[in-house]
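Reading through the structure tokens given below for one structure.
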Amino acid sequence: MNKFHLLKIVNVGSDRLKNIVLIEPKAKIGNVYSATIMPRLGLPLLGSTLQKEGYNVSIYMDSITKLPWSKILQADLVGISAIICTSNEAYRIGGYLRSFNIPVVIGGIHPTFMPEEALQYADYVVRGEADFTFLPFIKAIEKGVKPLDIPGISYRENGKYIHNPLDHSCPVDVEQIPIPNLNLIDSRKNIRAVPVMTSRGCPHNCTFCSVTNMFGRKYRHRSIDKILEELSLHEGRSVFFCDDNFAADMKHTKTLLREMLRQNIKIKSWGAQLRAEVAKDEEFLDLMHRSGGDMAYIGLESINPETLEEYNKKQSVEDVHECVARFHKYNIRVHGMFVLGSDHDTIESIRDTADFSLKARIDSVQFMMLTPLPGTALFQKLESENRILTRNWELYDGHHAVFHPANMSPEELQNEAFNAYKRFYSLRNVLVNVPLTGWGSAFYRGVGWLLVKQFSRRNRWYNNALIHLKFNDKDSLPSFQDQIKSFLEKEKPYAQKEIGKDLNIFIAEKSGIFYLRLRGFLNQLNIKELNKTINNYLPQDCMHLVINTEGLHFISESSAKLLSRILRRLGKRFLRVQLIYDSSEIKDKFLKKYFLKIPRFELVPGKGDSS
């Protein structure tokens, strides 16, 4: 366990935390929307507050540029923002930084609901809306005071988890938060769309959505003047209004659009998430078109009436048809967002959804597989029914089947979802909407075709893994564990192998996790045999690998470098790689020098590590 915790930074002095780095990691597995480069607003908002208080703040987005570790390692404190599919990478970064005794704080929607998990890789977790709690937390740390009275702070003390309660009765007044300073983001020129928030909260309560548990159902909006002031900073840029429901308060939204027109706010274009029923309001559509709105992101979810009822969505298929037609009338493209895999969905209903999307002339789509996010009623339901396949959060991106559907196998859900993508984004459909909404629709469909093709190729390994997880006929298939056991028994000498008298290699598997244990002395002579053994007896693609290097020693610097190359290749084959270490030799010569070049690695101190 890392020894750096609250008590170690008591009495550090008021100038101790002047240099603060904030990091937004990206999911290393990638998905069909990885090409979208837009920051989430949490870190720029916190950065603005800290900067006004005199702190030196730097924000790094892993999706924009490679993280500049030489600068990050100079920070007095690092804050990491995580959503569910980036949490593994956030943990990897946090674990690495703590090995240098740099205080680490993790926040965001996933750590809010899984704080004890996040505290395995961080010194503190900031839960919920941190707009007005992060600065007092920083001040408390500087003074060496325990953050006892700061809502939403979690930490460990004397082996126990401390979770300061959140004050749900008093949500953040969004009018009081500052304008997010995007200039704090390194390489900000690469940002393709500028996020602007006009409100928080959502009055609806979809069973699969964590927004209401994070931000509440009370709709809170910023003043028109404050929003216009922020928009004026982004003239000539494309803007995305990142509210969960941009038109939840239609009166407020219309007033904003009218003022954008009256004050001649010259943004290039804008898009927003909307509900289908807003298309019935002709005045709104007219204001949206004239103010530069050219893309409506509509949460259609499903065309199955039973599924819509399950999701708590009050709309019909006829509503969707009318919605799309009305937006097109004003030359506004429609991006339809569907969720596949409910207990009422079947293979046929998924195929019907793809057919409907083409028939309705939707410009672009996303067919996301239902994903049980912690903090939602759906997660609680599926967990209680023992239907969740994995807790590898990196797979919780809507592009991987991570639970047992009711009416099909996980493999079938995976295949049907991507068949729907392939059909919609086929080359023969690229140009069909050009007469309705112009060449923009062709561009998005063309990009969609390319991204789906690339992702399908990279994701074949997961389709193969799901073959062994079929829900209905799983008992008729040999288990994955049985296959590995049989394999190791057949090749018993390689399950535990000695290379000369210097190096011992042990390979095992349990519950889908592979273990590679290395003992002895590594040199340039036996490392070739090590590489051969690893290539022969570890799978080409899998989820989780644990490498135990306790008791491994390097004969030379070159042997450490050669091993780093082997592990770098392994890091591309496994979604999650944990490296257990103990000796200062390995930390100094290997981890600190070569770790940063290896993807998806988490450092796990061994039992004997005292650093």
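Using the Cα coordinates of region 150-278, the gyration tensor eigenvalues translate into equivalent-ellipsoid semi-axes of 30, 20, 14 Å, sorted from longest to shortest. Computed packing ranks the peptides 350-361, 157-168 as 350-361, 157-168, most packed first, by mean other Cβ atoms within 10 Å. Partner aspartates and glutamates whose Cα lies under 15 Å from the Cα of residue 66, excluding those fewer than 8 positions away in the same chain, are identified as 24, 89, 186. With a threshold of 26 Å on the Cα-Cα distance, the over-threshold entries among 381/572; 254/422; 218/268; 26/52; 52/146; 28/218 are 381/572; 254/422; 218/268; 26/52; 28/218.
Could you order peptides 316-327, 127-138, 362-373 by the average number of other Cβ atoms within 10 Å of their residues, highest first? Could the numbers behind the result be given before it?
Numbers: 316-327: 18.4, 127-138: 21.0, 362-373: 22.8.
The peptides rank, most packed first, as 362-373, 127-138, 316-327.
Using the beta-carbon distance between residue 38 and residue 258 and R0 = 25 Å, what value does 1/(1 + (r/R0)^6) give for FRET efficiency, to the nearest 0.05? Write out the running numbers ahead of the final one.
Details: r = 26 Å, r/R0 = 1.05.
Calculated value: 0.45.
A Förster radius of 22 Å combined with the Cβ-Cβ distance from residue 26 to residue 74 puts the calculated FRET efficiency at roughly 0.50.
Using a simple spin-label model with pseudo-atoms 7 Å out from Cα toward Cβ, residue 377 and residue 183 lie 4.6 nm apart. Fully extending the segment from residue 566 to residue 173, taken as 0.36 nm per residue of separation minus the present Cα-Cα distance, adds 136.3 nm. Between region 249-278 and region 373-411, how many Å separate their Cα centres? A separation of 36 Å, based on Cα centres. The simple spin-label model puts a point 7 Å past each Cα toward its Cβ; for residue 220 and residue 515 those points are separated by 4.8 nm.
Return the equivalent ellipsoid semi-axes of region 410-468 as a descending list in whole Å, where each equals the square root of 5 times an eigenvalue of the C-alpha gyration tensor. List each step's numbers first, then the result.
Details: eigenvalues 159, 23, 8 Å².
Equivalent ellipsoid semi-axes, largest first: 28, 11, 6 Å.
Packing order of peptides 40-50, 428-438, highest average first: 40-50, 428-438 (average count of other Cβ atoms within 10 Å over each peptide's residues). Per the Debye calculation on region 46-113 with a single equal scatterer at every Cα and no solvent contribution, log₁₀ I(q)/I(0) for q = 0.29 Å⁻¹ amounts to -1.43. Each DSSP beta bridge with both residues in region 139-257 is either parallel or antiparallel, and the antiparallel ones are about 65%. A simple spin-label model places pseudo-atoms 7 Å from Cα toward Cβ; at residue 427 and residue 139 they are separated by 6.3 nm. For the pair residue 531 and residue 347, the difference between a 0.36 nm per residue extended length and the Cα-Cα distance amounts to 61.9 nm.
We did not get these values from a lab; they are worked out from the coordinates using the rules stated. Since the model is a prediction, treat every value here as computed from it, not as a measurement. Positions of Cβ are generated from backbone atoms using ideal geometry, with glycine treated the same way; all protein chains shown enter the neighbour counts.
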